[in-house]
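Structure first, then comments.
The values are calculated or read from the model by the stated rules, or taken from the named source; none is laboratory data. Predicted, not measured: the structure shown is a model, and the values here were computed from it. Counting neighbours? That spans all protein chains shown, and the Cβs are built from the backbone with ideal geometry, glycine included.
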Amino acid sequence: MAKRTIVSLPGDGIGRVVLEETIRVLEAAGFEANYVEGDIGWEFWTKEGNPLPQRTIDLLEEHKVALFGAITSKPKDEAFEELAPELKEKGLVYSSPIVGLRQHFGLDICLRPCKSYIGNPLNFVKRGIGDEIVEPAVDVAIFRQNTEGLYGGVEWTNPNEKVYEGLLTHPKFVKNFGSTPKEELSVSTRIFTKKATERILRAAFDHAVKYGYKSVTVCEKPNVIRETSGMMYKMALQMQTADYPQIELWNTNIDAQMMWLTKNPETYGVIVAGNMFGDIVSDGFAGLIGGLGFACSAQYNPDSGVAVFEPTHGSAPKYADFPTSIVNPIAMIESACMMLDFLDENKISAKIRKAVAEVISEGKTRTYDMMKMPGRVDVVEKGAASTTQMADAIISKLG
């Protein structure tokens, strides 16, 4: 049987080192693949004016599956200043290449699981009855609609006349903003479509059924954002009634959810939300299981089979030039396990997750974040594991 080809997208900063160590773990676990590297990120923005070159899109078109490290994004003016001088007169505007990948390939379903490991010193704890210290087991699967909402990119500063005239047809715009000069306005849209909303809801309910979760929670703000959030909850209610009566449907507001996730995180199963609120709630739950060093994700299009797997942390450029890498690779390794599940390599993913769990439970190998140290260049000298040492420890448990 021919080896699979996986597109390797290191990106920026620490992306390369966590991806390299992850591939080493995959190979040690017995996953055989060819890796082809794609160009993506800040280097290609500054040199070519495009952080997502067409050649990289072509690679993913051909091979379908990618492991992605991390990306650097900066505000528009800073991004412009870092362009090569010969590119500054071409009217180029920076946009996130990972958002570009999502929109180009229709990667509208994003899954961000947050599951705590026994023995992780960064796990959330709280006081119970009689001041008992309680460490609730967190096992939440968050489905984030990935291509619409506030990340859809339909925005204007000083909107053109047609857009402005359209806004003036809404009585609340006239009342609240009608006297504001057009050149002082910036407008971002939040667009939900029924097709994409149905897909993310269906993915959430199917996941709950497949993995034995008892509930699906729609986490939005329908009491205020009535049209978009309201549509999502109404569609979820119809879907649950017709197709998933065995799954409880809960409805929470994003602001209240951020309070409740520290009061009773163990009660939640599958959560589904639009783009921005899904981003927020997934980071909140990631904080309960140890932070972004443990937060993995998958984004995929079920129709085309294109899928990208990445940790949710950033590129952390301040750590990228350390002589010894200190960052925690577990989020990247867990993202690779999600890729293995997607490819039906469940035995290998289970083997890797078991090895990660054993390393964490044993407690002998801990990166600086797990030791609650500031991220400084000398943490390895003080007993923290380097990125490579953590990968070595996981490999040693693979058997």
Whichever residue in segment 139-184 is touching a helix residue (DSSP H, G or I) at 6+ places or on another chain (Cβ under 9 Å) and among the basic types (Lys, Arg) and, among such residues, is farthest from residue 278 (Cα to Cα): 182
Determine, yes or no, whether residue 220 is charged (D, E, K, R) and either surrounded by 19 or more Cβ atoms within 10 Å (Cβ to Cβ) or within 30 Å of residue 13 (Cβ to Cβ) (or both). yes
For residue 15, are the conditions met, namely being touching a Lys or Arg at 6+ places or on another chain (Cβ under 9 Å), of a type in the set (Gly, Ala, Ser), under 24 Å from residue 388 (Cβ atoms) and modelled with pLDDT of 95 or more? no
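Name the helices (runs of 4 or more DSSP H) wholly within segment 1-96 that hold at least 3 residues that are acidic (Asp, Glu)? Can you show your working first?
Working: elements: 15-28, 42-48, 54-63, 76-81.
It comes to 15-28, 54-63, 76-81.
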Can you give me the ranges of the helices (runs of 4 or more DSSP H) entirely in segment 285-399 with at least 3 residues that are touching a residue at least 60 places away in the same chain (Cβ under 8 Å) and either of a type in the set (A, V, I, L, M, F, W, C) or at positive phi (or both)? 330-342, 346-362, 387-396
Counting only residues that are aromatic (Phe, Trp, Tyr) and over 30 Å from residue 76 (Cα atoms), which one in segment 1-60 is surrounded by the fewest Cβ atoms within 10 Å (Cβ to Cβ)? 35
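Residues are listed down the side, and each one gets a yes or a no for (1) under 24 Å from residue 337 (Cα atoms); (2) among the aromatic types (Phe, Trp, Tyr); (3) modelled with pLDDT of 95 or more; (4) in contact with a strand residue (DSSP E or B) (Cβ under 6 Å, 6 or more places away or on another chain):
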{"position": "362", "(1), (2), (3), (4)": "yes, no, yes, no"}
{"position": "365", "(1), (2), (3), (4)": "yes, no, yes, yes"}
{"position": "368", "(1), (2), (3), (4)": "yes, yes, yes, no"}
{"position": "373", "(1), (2), (3), (4)": "no, no, yes, no"}
{"position": "380", "(1), (2), (3), (4)": "no, no, yes, no"}
{"position": "383", "(1), (2), (3), (4)": "no, no, yes, no"}
{"position": "386", "(1), (2), (3), (4)": "yes, no, yes, no"}
{"position": "390", "(1), (2), (3), (4)": "yes, no, yes, yes"}
{"position": "399", "(1), (2), (3), (4)": "yes, no, no, no"}
Return the pair list, or none, for Cβ contacts closer than 9 Å from residues in segment 257-284 that are under 21 Å from residue 207 (Cα atoms) to residues that are surrounded by fewer than 21 Cβ atoms within 10 Å (Cβ to Cβ) and of a type in the set (Asp, Glu), at least 6 apart or on different chains. 266/139; 268/139; 269/139; 269/248; 273/279
